[in-house]
1. In the range 129-158, what residues are among the small types (Gly, Ala, Ser) and either in a helix (DSSP H, G or I) or under 17 Å from Asp112 (Cβ atoms) (or both)?
2. Pick from Ala92, Ala59, Ala64, Ala48: which is more than 17 Å from Leu133 (Cβ to Cβ) and in contact with a strand residue (DSSP E or B) (Cβ under 6 Å, 6 or more places away or on another chain)?
3. Taking the range 249-268, which residues are out of contact with any strand residue (DSSP E or B) (no Cβ under 7 Å at 6 or more places or on another chain) and farther than 19 Å from Gly181 by Cα?
4. Residues that are more than 13 Å from the ligand (Cβ to nearest atom) and touching a Cys at 6+ places or on another chain (Cβ under 7 Å): list the strands (runs of 3 or more DSSP E) wholly contained in the range 17-125 that include at least 2 such residues.
5. State whether one or more residues within the range 235-249 are buried (at least 21 other Cβ atoms within 10 Å of the Cβ), of a type outside the set (Ser, Thr, Tyr) and within 16 Å of the ligand (Cβ to nearest atom).
6. Do the conditions hold for Asp192, that is, is it in contact with a Phe, Trp or Tyr (Cβ under 9 Å, 6 or more places away or on another chain) and within 14 Å of the ligand (Cβ to nearest atom)?
Amino acid sequence: MTQAVTVRAPAKINLYLGVGPVREDGFHPLATVYQAIGLYDDVTVTPAEQWEIHTVADAGIDLAAVPDDEDNIAIRAGKALVAHHHRPELAAHVEIHKGIPVAGGMGGGSADAAATLVAVDRLFDLNTSDDDLLAIAAELGSDVPFALIGGTAIGTGRGEIVEPVVDTTQCWWVVVPHEIGLSTPLVYKHFDMMVAEELLEAFQPAIPQSLLGDLATGDVLTLTPDLENDLAAAAYDLRPDLVELRERLERLWPDAVLLSGSGPTQLALFADRDAARIAAGTLSQEGLTHWLAPGPVAGCTVIDYS
Ligand code: C5P
C-alpha cells in the first residue's frame, strides 16, 4: 500500500484578466488567460485516522492567514474527493510546503486544493477520471481547475472553464510579493463600486486575439501591450501603498509590470533569464523581496511516491 504521495502545484498569474458585471450568484464572468509559473506549493499526503493539516513555508511567506483546520481548502478538497467515491472512511494527513505567497493573487490556496485532489487520488488508488477531477476542482474554487492543468489556458465562466492554448513563449517573471495580503472578494466588491453599473452591464469581457497570436509565435517582447488586469484599478485604489511600489517598478521596466490576479503581488516580464537576473539584482540592491519564475510550467505533478 502507498504510504505517502507528494504533488507539486504551480502558482498562476493572469496575463489578461477581463471582468464583467457581477452575476446573480455573486461571481463575475471572466475572460482570462492564465499562465502557470515556477513558484510551487508541495503537498504530501499520508493515510490517517482523520483529516489533519500542517503547513510550513519558504522564507518571506506569512502563514498567519492559512487555516490549520478543516476550513483549509486542501482538507475540503480531500473530503470532496473521498465523498465523490462514497469512501467517507478514508482520511489523510496533509502536509503543505508553501512557496506561493498567501493571499497574494497567485492562486496559492487553489494550488493546494488541486495538489491534494491528485495526491489523495493516487494515495488511495481512486482512479478518478480527469473530467471528474476537473468538476470537483471547479466546485472548490474558480482557479482550482487551472492549477490541475497548468501551462497556459483561457479561463471563462467564473474562471473555472479552462481550455489550453498554444504558448511557445519562454517567459521569465520577476515576482515582487507584498507582506500585507489582499482579500479577493474585497477587491471584486471594490471593482463593483468603482465601475459604473451601466457601463459594465453592456460589457462582455473578451480575450485579445493579438495576445493569443503572440503566445503562439513565442514572441515575449510583443506580449507586453496586451498584458491587462481589470482588477488592478480596484486593488490599487484599496491599497495606495502598492501604487508607490508599482511606480518604482515601472520606472525600472516601463510597460512590463503587471498586477497578479487580485494582488498584491506584482510581476515584471522579461524575455530571457539573464535579463530577469539583472533585474533581480537591482531589486536586491533596493532591498525588495523578490523571486524569479519561468512560465509556462506544468500543472499538478506527482514528484514522490513511497
Ligand atoms: O472561486 P473562489 O472561491 O476562489 O472565489 C473567491 C471569491 O472571489 C468569491 O467568493 C467572489 O467573491 C470572488 N470572485 C468573483 N468572481 C470570480 C471569481 C471570484 O467575484 N469570477
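1. Within the range 129-158, the first condition is being among the small types (Gly, Ala, Ser), and the residues that meet it are 129, 135, 137-138, 141-142, 147, 150-151, 153, 155, 157.
Correct list: Ala135, Ala137, Ala138, Gly141, Ser142, Ala147, Gly150.
2. On the way: Ala92 fails: more than 17 Å from Leu133 (Cβ to Cβ); Ala59 fails: in contact with a strand residue (DSSP E or B) (Cβ under 6 Å, 6 or more places away or on another chain); Ala64 fails: in contact with a strand residue (DSSP E or B) (Cβ under 6 Å, 6 or more places away or on another chain).
It is Ala48.
3. Kept after step one, since they are out of contact with any strand residue (DSSP E or B) (no Cβ under 7 Å at 6 or more places or on another chain), are these residues of the range 249-268: 251-252, 254-255, 262-264.
Passing the criteria: Arg251, Leu252, Pro254, Asp255.
4. Values: elements: 30-47, 52-57, 92-98.
Result: empty, no element qualifies.
5. Within the range 235-249 (the criterion being buried (at least 21 other Cβ atoms within 10 Å of the Cβ), of a type outside the set (Ser, Thr, Tyr) and within 16 Å of the ligand (Cβ to nearest atom)), the answer is yes, since at least one residue qualifies.
6. Numbers: in contact with a Phe, Trp or Tyr (Cβ under 9 Å, 6 or more places away or on another chain): no; within 14 Å of the ligand (Cβ to nearest atom): yes.
No.
A quick yes/no check of all residues on (1) among the hydrophobic types (A, V, I, L, M, F, W, C); (2) on the phi < 0 side of the Ramachandran plot; (3) in contact with an Asp or Glu (Cβ under 8 Å, 6 or more places away or on another chain); (4) surrounded by fewer than 21 Cβ atoms within 10 Å (Cβ to Cβ):
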{"residue": "Gly104", "(1), (2), (3), (4)": "no, yes, no, no"}
{"residue": "Gly109", "(1), (2), (3), (4)": "no, yes, no, no"}
{"residue": "Leu126", "(1), (2), (3), (4)": "yes, yes, no, yes"}
{"residue": "Glu139", "(1), (2), (3), (4)": "no, yes, no, yes"}
{"residue": "Gly151", "(1), (2), (3), (4)": "no, no, yes, yes"}
{"residue": "Ile154", "(1), (2), (3), (4)": "yes, yes, yes, yes"}
{"residue": "Gly159", "(1), (2), (3), (4)": "no, no, yes, no"}
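Quick grid of which residues meet (1) in contact (Cβ under 8 Å) with a residue 40 or more places away in the chain; (2) under 23 Å from Ala4 (Cβ atoms); (3) more than 14 Å from the chain's Cα centre (by Cα):
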| site | (1), (2), (3) |
| --- | --- |
| Asp112 | yes, yes, no |
| Asp125 | yes, yes, yes |
| Ala135 | no, no, yes |
| Ile161 | no, no, yes |
| Cys171 | yes, no, yes |
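Since every read-out is calculated from the coordinates, none of them should be taken as a lab result. Note that the structure is a prediction, hence the values are computed from the model and not measured. Here the Cβ is made from the backbone with ideal geometry for all residues, glycine too, and neighbour counts use every protein chain on show.
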